[in-house]
1. Given the conditions (1) over 17 Å from residue 38 (Cβ atoms); (2) under 19 Å from the mean Cα position of the chain (by Cα); (3) not acidic (Asp, Glu), which single one is not true for residue 186?
2. Working only within the range 140-151, note down all residues that are over 13 Å from residue 192 (Cα atoms) and in a helix (DSSP H, G or I).
3. Only one residue in 232, 180 is surrounded by fewer than 21 Cβ atoms within 10 Å (Cβ to Cβ), in a helix (DSSP H, G or I) and under 18 Å from the mean Cα position of the chain (by Cα), so which one is that?
4. Being among the acidic types (Asp, Glu) and either in contact with a Phe, Trp or Tyr (Cβ under 7 Å, 6 or more places away or on another chain) or more than 30 Å from residue 37 (Cα to Cα) (or both) is the requirement here; does residue 257 meet it?
5. Being under 17 Å from residue 193 (Cα atoms) and aromatic (Phe, Trp, Tyr) is the filter here, so list the residues in the range 19-62 that pass it.
6. For the range 255-264, does any single residue satisfy the condition of being aliphatic (A, V, I, L, M) and either in contact (Cβ under 8 Å) with a residue 40 or more places away in the chain or not in a loop (DSSP other than H, G, I, E, B) (or both)?
7. Does residue 188 qualify as being polar (S, T, N, Q), at pLDDT 95 or above and closer than 25 Å to residue 264 by Cβ?
8. Pull up the range 71-114, narrow it to residues that are hydroxyl-bearing (Ser, Thr, Tyr) and either touching a Ser or Thr at 6+ places or on another chain (Cβ under 9 Å) or surrounded by 24 or more Cβ atoms within 10 Å (Cβ to Cβ) (or both), then point me to the one that is nearest to residue 32 (Cα to Cα).
Amino acid sequence: MPYATTDDGVRLYYEEAGSGIPIIFVHEFAGDHRSWEPQMRHFSRTHRCITYGARGYLPSDVPDSPDQYSQARARDDIRDVLAHLKIERAHVVGLSMGGFATLHFGMHYPQIARSILVGGCGYGAAPSAREQFKAEAAATAAKIEQDTMEMVAKPYSLGPTRVQFQNKDPRGWQEFATQLGEHSTRGSALTMLGVQSRRPSLWDLQEDMKKISVPTLILNGDEDDPCLEPALLMKRLIPTAGLSIIPRSGHTINIEEPDEFNRLVGQFISTVDAGRWSPRDPRSISSGILGMSDKK
């Protein structure tokens, strides 16, 4: 099995396919490297595609120390996988937990990112939801440790932003739920505590987001309620951001609506590689409603 070793000694399992300009896919909490199979098959026809398992997700290492799990660590693991593969710059595509890591990667390592796609990013990010999110994350981690991930996967896979997937594609959803139940109990609990519950609020990163210069696409399902307001926040703050919404869709958009997801990602990457993704025209920002109040 191929592994990349991080700068703190953790081995991360990865897979790659195709050749050309690199794209690296960063999975969500309820996913793993297998979650990106529809994208690996599609984009490897034209690009060098990489998917990997985050620390705590088998067959990657499962560090036993809580200190080895954090938002900064998740961000730097993207960097370390790319360094292992001797990739100087890549398009970075992340969903949910992976979307947060991708956003932080764009802020800290713009020289390595050709672009960033931030999908389904925002759970617990609103200031009014911070304490509730931390409490729910701690309770979920404790339940995982007590009941095992195999048992917790059953209610988790039927959350309010997952049922859309089940309704549309029961077979695909069942594969997702089965894979979720195969995750490491210890790794999932530590990821929930170290990465999810302790990550900074997007509202605390507003000044950092204003400085992002990397081409950015924010992508959400319209029934992924916890991520809608954060998506608007990011769109308004990141000068290079575009925003796409997939209708009647939940959180697991890359496997719930793979054709539309791939279309939007492909269009974005093609535009970036053509040098046509530019920062927002300042003339499109107005304090007025009809757009006349700023005219001199």
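The values are calculated or read from the model by the stated rules, or taken from the named source; none is laboratory data. Being a predicted model, the structure only gives us computed values, none of them experimental. As a convention, Cβ positions derive from the backbone with ideal geometry for all residues, glycine included, and neighbour counts pool all protein chains shown.
1. That leaves (2) as the condition not met.
2. First, pick out the residues of the range 140-151 that are over 13 Å from residue 192 (Cα atoms): 146-148, 150-151.
Result: 146, 147, 150, 151.
3. Residue meeting the stated conditions: 232.
4. Here the answer is no, as residue 257 does not meet what is asked.
5. Result: 29, 57.
6. yes
7. Against the criterion (polar (S, T, N, Q), at pLDDT 95 or above and closer than 25 Å to residue 264 by Cβ), residue 188 does not qualify.
8. In this case the residue turns out to be 96.
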